[in-house]
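Presented below is the structure to which this report refers.
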Amino acid sequence: MVETYEEAVAYIHGRSKFKKLPTLARMQLFLERLQHPEQKVTMIHVAGTNGKGSTVAFLRNLLEADGLTVGTFTSPFLIQFNERISVNGEPIADADILRLVQRLEPIEAQLDQELPEGGPTEFETLTAMMLLYFAEGHADIVLVEAGLGGRFDSTNVITPLLSIITTIGMDHMKMLGDTIGKIAWQKAGIAKPSVPLITGNIVEPDALAVIAKVTAETATPWLKRGSDYEVTYGHASGWQERFAFTGLAERFTNLAIGMLGQYQIDNASTALMAYLKYHQLKQLPISVASVREGLLATKWAGRFEKLNEQPLVVIDGAHNEPAVAELASLIKTHFHDQQVTIIFAVLADKAYEKMLPLLAQLPNVNLVLTHFAGPGARAVADLDALEQTLPKPVPKYQEWQVAIAETASDLSADDVLIITGSLYFISDVRHLFTD
């Protein structure tokens with residue numbers, strides 16, 4: 001029997017990561033044994049290749065500005081394991097983690113014996129914990145972020161009030177498929193009859209065709225950008241982006257967010273559309289003050305997060321090709337007239353051969369490669385393999401702490417240092433600056 005918080009976290013991490021065949025049947029049986037906590041929670045389901053965390057953060061702040069208590073289920077954690085289950089941004093208590101694991105442990109032991117493939121995985125365990133916790137009444141509404149894909153993700157056992165797909169891009173190809181269409185089919189698997197589905201800035205014809213087919217087959221109302229809502233990009237001012245939004249008979253001009261990047265405008269507008277649709281479904285009045293205050297107040301650790309002023313030091317969790325492309329665009333827009341050094345480390349299973357050239361082609365960027373301790377059994381990309389993707393040799397450091405110390409010592413007060421490549425990597429780096 002698990003008896004301490006530390007033992008509880010070790011127990012969760014000790015569950016299997018994946019099973020051979022994707023299925024929701026095991027999770028559905030698990031929830032049946034738990035007396036269906038998912039039926040007692042009002043939820044919004046969020047899937048997508050990139051932008052899930054930021055969209056959840058914007059939507060959480062919009063709903064909080066209305067006075068609601070908002071639960072969130074997100075992954076991976078950046079600072080503390082407990083933050084995966086949070087209420088109004090406050091992570092679940094250690095005692096609750098222990099209590100919930102003690103509730104699940106005997107049931108999982110039974111399923112381990114009964115099922116040929118074994119009982120629940122690590123993420124299924126986390127999902128069940130989250131549902132049990134929020135079924136106790138800790139939040140008015142819960143924003144549930146899908147872990148991987150959507151169709152066979154353990155979160156897809158819920159019937160939410162709304163569903164959201166933020167973006168669709170090439171990532172996790174071994175699990176989700178090697179084309180945009182195949183990945184879109186996985187993400188669109190969260191569509192459910194009569195549950196409105198909101199999509200973000202998805203422009204790939206193959207992805208849109210798949211979503212159209214799936215929503216037609218499932219009788220899912222589909223609200224998409226460009227027809228059901230419109231976004232107009234404004235001019236950045238300081239550490240703010242500005243935009244206008246029109247949708248569901250509402251129009252907002254000169255909205256501001258405190259997160260840089262055009263892609264963050266995309267995430268904010270997707271969240272705003274979900275906020276408006278939620279109010280329409282609940283027949284609640286729209287508060288313009290809540291919209292403006294909620295968007296501007298939103299921060300999301302690790303997403304182009306400023307850690308130092310002079311020189312400017314930023315961490316960013318770009319960990320796949322689409323996210324690195326957005327980062328490159330942000331650098332070209334906001335920092336084209338400054339010297340930018342990028343310290344880069346990445347997991348070995350990521351498409352770094354496509355990610356690094358996007359940064360190397362920027363004329364004002366100097367690249368530095370480094371290494372970090374990956375999560376669990378996942379390997380980190382070899383430095384020589386990373387360098388082979390680049391047109392010329394660059395500095396390489398086996399220890400990221402040394403990479404930061406030596407690189408920062410050569411920077412002037414006007415230079416920019418960006419540390420990126422993996423959410424796991426920047427989680428380590430963030431502790432160096434904030435502890």
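The values are calculated or read from the model by the stated rules, or taken from the named source; none is laboratory data. Being a predicted model, the structure only gives us computed values, none of them experimental. Using ideal geometry, Cβ is built from the backbone for each residue, glycine included, and neighbour counts are taken over all protein chains shown. Heavy atoms of the whole protein, side chains included, go into the accessibility calculation; ligands, DNA and RNA do not. Shrake-Rupley method; radii C 1.70, N 1.55, O 1.52, S 1.80 Å.
Observations on the model:
- Value of [θ]222 nm, deg cm²/dmol, for the chain, DSSP H segments ≥ 4, -39500 (n - 2.57) each, nearest 500: -12500 deg cm²/dmol
- Rg then Dmax, both in Å and based on the Cα atoms of region 236-359: 16.9, 51.
- Over the Cα atoms of the chain, the radius of gyration divided by the Kirkwood radius equals 0.96; this is the Rg/Rh ratio.
- Rg to Rh quotient for region 283-432, alpha carbon positions, Kirkwood Rh: 1.03
- Region 100-160 - Debye-derived log10 I(q)/I(0), Cα point model, q = 0.27, 0.30 Å⁻¹: -1.21, -1.28
- Hydrodynamic radius (Kirkwood) for region 1-154, which is based on Cα pairs only, to one decimal in Å: 15.9
- Projected over all directions and averaged, the alpha-carbon convex hull of region 29-100 occupies 6.0 nm².
- Counted charge near Gly119, where neighbours are those whose Cβ lies closer than 13 Å (Asp, Glu -1; Lys, Arg +1): -3
- For the chain, carbon and sulfur atoms together expose 51% of the accessible surface, with a 1.4 angstrom probe and every protein chain in place.
- Accessible area of the chain divided out per residue, in Å², using a probe of 1.4 angstrom: 42
- Computed about its Cα centre, the charge dipole of region 120-246 is approximately 300 debye, with only Lys, Arg, Asp and Glu carrying charge at their Cβ.
- Inter-site label distance for Thr434 and Glu353 at 7 Å from Cα along Cβ, in nm: 3.5
- Dimensionless Rg ratio for region 68-182, taking C-alpha atoms and the 2.2 N^0.38 Å reference: 1.16
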